[in-house]
Amino acid sequence: MAEDGIDVREEYFDNMATGVEIELGDEQSAIARPWNPDDIRVGTKQFSLRNILDLIDDGDLELAPDFQRNTVWKARQKSRLIESILLQIPLPAFYFAEDTNGMMRVVDGLQRLSTVHSYVRGQQQAFALTDLEYLDSAAKKRFEELTPALQRRINNAQIVVHVIDPTTPPGVKYDIFKRINTGGTPLNAQEIRHCMSRERSRSFLKRCTHTPEFDRATGERFRDHIRMDDREVVLRYCAFWLYGVDGYVREGSMDAFLERTTTMLDDPREVPDDRLTELHASFRSAMIKSYEVFGEHAFRKWPRGASARNPINRPLFESWSYVLGQYDLADLTRRKEPVVAAARDLMTHDRAYIDAITTSTGDPRKVRLRFALAGQAAQAGLR
């Protein structure tokens, strides 16, 4: 919708509003520094589904735990996939990424493998087959209820897997992921980062989104977002807290900036535990300050004359949480009226600022502008 001259368009997923504003003409998908094609190292292997399920159960193949999109497939989709395997129809190829320890992560095929694993080995997550097209004999049956012959068809089914070698640079892996990710609903940037990251960064981002301060500042219903936008806004805060705006300009794109930050958070040599503890405390403090100043309109467009609460705007989140985090809470409490007035004036009258939080928001010039203007507005009322 357009409100008082400001364009506000909410993202939708599966015909439901997500509570997050679309970044129009977003430049995130651009490759900031094209990589050398010789850096692509992908081998092809063949596995039986029994081998794959054993790798999952043994912890050698990771299905991106805490990945909310796993719940999106409906019962019919899951059952039709199992029926295809029982009919011995070859599955499309899968992509895995291998690390230096031999651990593999699913790059493409996450929902398919999650479905097979939950059906065959899922126990509490196991399901019965429904709405089949051909195999009436398997209808309404769980795996253990199938005949031994049908169980063998699933276990012995062969799949082709393209394995991304651990010597492939992280940025190349990320771009390969974007190019080959072929699910029914393509993964967004944060979902890709989640699938390719390690437990350390995933756990940290989740811990931040599960704080009461974050819940309050984002309206109580943003955690565990179905498109992982909650994790992305926290990661953006971490990136600017660690590297600042100059660090962003050096990277040149939001994708590259956040991918680099994820890699750093995963490495305790780059971001030691005490630094991570400091970052967590800083984030919680920034959430408190943001809510103290803006209340229920924190991180949302709020031009003069508007009263409705708009969706969360990611550029506003990254810039205002970072800027307000630099000030003392008591000082902000004393000055919040002039700070809010200055911020709302920007959102009402400054076309360059409105553009910087709406369209092509990854442009380094627009990133500099929105941080600079938020910084000036945060000084309103200073004596």
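Residues in the range 135-172 that are among the charged types (D, E, K, R) and outside any loop (DSSP other than H, G, I, E, B): 136, 144, 145, 152, 153.
Just one of 308, 374 is under 24 Å from residue 225 (Cβ atoms), outside any helix (DSSP H, G or I), out of contact with any Lys or Arg (no Cβ under 7 Å at 6 or more places or on another chain) and small (Gly, Ala, Ser); which is it? Going through 308, 374 in turn, just one is under 24 Å from residue 225 (Cβ atoms), outside any helix (DSSP H, G or I), out of contact with any Lys or Arg (no Cβ under 7 Å at 6 or more places or on another chain) and small (Gly, Ala, Ser): 308.
Looking only at the range 192-218, filter to residues that are hydroxyl-bearing (Ser, Thr, Tyr) and in a loop (DSSP other than H, G, I, E, B); which one of those is nearest to residue 114 (Cα to Cα)?
Per the criteria, the residue is 197.
The single condition from (1) in the same structural domain as residue 109 (by TED's automatic domain parsing); (2) in a helix (DSSP H, G or I); (3) surrounded by fewer than 18 Cβ atoms within 10 Å (Cβ to Cβ) that residue 179 fails is (1).
Quick one: how many residues across the range 219-230 are within 10 Å of residue 19 (Cα to Cα) and assigned to a helix (DSSP H, G or I)? Residues in the range 219-230 being within 10 Å of residue 19 (Cα to Cα) and assigned to a helix (DSSP H, G or I): 1 in total.
Residue 383 satisfies every condition listed in (1) surrounded by 15 or more Cβ atoms within 10 Å (Cβ to Cβ); (2) at pLDDT below 95 except (1). Checking each residue in the range 31-68 for being aliphatic (A, V, I, L, M), surrounded by 15 or more Cβ atoms within 10 Å (Cβ to Cβ) and either at pLDDT below 75 or closer than 15 Å to residue 118 by Cα (or both) picks out 32, 49, 52, 53, 55, 56, 61, 63, 64.
A count restricted to the range 231-258 and to residues that are of a type in the set (Gly, Ala, Ser), on the phi < 0 side of the Ramachandran plot and in a helix (DSSP H, G or I) stands at 3.
Applying the condition of being on the phi > 0 side of the Ramachandran plot and more than 21 Å from the chain's Cα centre (by Cα) to the range 69-115 and asking which residue is modelled with the lowest pLDDT yields 102. List the number of the failed condition for residue 128; all other conditions in (1) exposed (fewer than 13 other Cβ atoms within 10 Å of the Cβ); (2) in a loop (DSSP other than H, G, I, E, B); (3) of a type in the set (Gly, Ala, Ser) hold. So the condition that residue 128 fails would be (1).
Based on what the data block shows, is residue 296 surrounded by fewer than 23 Cβ atoms within 10 Å (Cβ to Cβ) and over 22 Å from the mean Cα position of the chain (by Cα)? Yes, satisfied.
On inspection, residue 333 passes the criterion of being of a type in the set (S, T, N, Q) and either at pLDDT 95 or above or more than 22 Å from residue 244 (Cα to Cα) (or both). Please determine, by comparing only the residues of the range 265-274 that are in contact with a helix residue (DSSP H, G or I) (Cβ under 7 Å, 6 or more places away or on another chain) and part of a helix (DSSP H, G or I), which one is modelled with the highest pLDDT. Per the stated criteria, the residue is 265.
Has the range 123-145 got at least one residue that is under 30 Å from residue 190 (Cα atoms) and touching a residue at least 60 places away in the same chain (Cβ under 8 Å)? Don't jump to the end; show me each part of the working.
Here is the first cut: in the range 123-145, the ones under 30 Å from residue 190 (Cα atoms) are 123-127.
If we keep only those that are touching a residue at least 60 places away in the same chain (Cβ under 8 Å) as well, we get none.
So far as the range 123-145 goes, no, none of its residues is under 30 Å from residue 190 (Cα atoms) and touching a residue at least 60 places away in the same chain (Cβ under 8 Å).
Can you pull out every residue in the range 323-358 that is β-branched (Val, Ile, Thr), closer than 23 Å to residue 283 by Cβ and within 29 Å of the chain's Cα centre (by Cα)? Please lay out each step first, then the result.
Step one: filter the range 323-358 for residues β-branched (Val, Ile, Thr), giving 323, 333, 339-340, 348, 354, 357-358.
The next check asks that each one be closer than 23 Å to residue 283 by Cβ; those that pass are 323, 333, 339-340, 357.
Those that are β-branched (Val, Ile, Thr), closer than 23 Å to residue 283 by Cβ and within 29 Å of the chain's Cα centre (by Cα): 323, 357.
Residue by residue, here is whether (1) at pLDDT below 95; (2) touching a Pro at 6+ places or on another chain (Cβ under 6 Å); (3) not small (Gly, Ala, Ser) holds:
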position: 276; (1), (2), (3): no, no, yes
position: 279; (1), (2), (3): no, no, yes
position: 304; (1), (2), (3): yes, no, yes
position: 311; (1), (2), (3): yes, no, yes
position: 324; (1), (2), (3): no, no, yes
position: 338; (1), (2), (3): no, no, yes
position: 372; (1), (2), (3): no, no, no
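Of the residues screened, residue 124 is one that is modelled with pLDDT under 90, outside the structural domain of residue 229 (by TED's automatic domain parsing) and more than 26 Å from residue 172 (Cα to Cα).
Against the test of being modelled with pLDDT of 95 or more and either of a type outside the set (A, V, I, L, M, F, W, C) or surrounded by fewer than 18 Cβ atoms within 10 Å (Cβ to Cβ) (or both), the options 253, 290 yield a single qualifying residue, 290. With respect to the stated conditions, residue 236 is within 14 Å of the chain's Cα centre (by Cα) and surrounded by 22 or more Cβ atoms within 10 Å (Cβ to Cβ).
Residue-by-condition table, conditions (1) among the aromatic types (Phe, Trp, Tyr); (2) closer than 19 Å to residue 222 by Cβ; (3) in contact with an Asp or Glu (Cβ under 7 Å, 6 or more places away or on another chain):
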{"position": "238", "(1), (2), (3)": "no, yes, no"}
{"position": "250", "(1), (2), (3)": "no, no, no"}
{"position": "254", "(1), (2), (3)": "no, no, no"}
{"position": "262", "(1), (2), (3)": "no, no, no"}
{"position": "270", "(1), (2), (3)": "no, no, no"}
{"position": "279", "(1), (2), (3)": "no, no, no"}
{"position": "284", "(1), (2), (3)": "no, yes, yes"}
{"position": "294", "(1), (2), (3)": "yes, yes, no"}
{"position": "298", "(1), (2), (3)": "no, yes, no"}
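The values are calculated or read from the model by the stated rules, or taken from the named source; none is laboratory data. No experiment lies behind these values; they were computed from the predicted model shown. Virtual Cβ from ideal backbone geometry, glycine too; neighbours counted across all protein chains shown.
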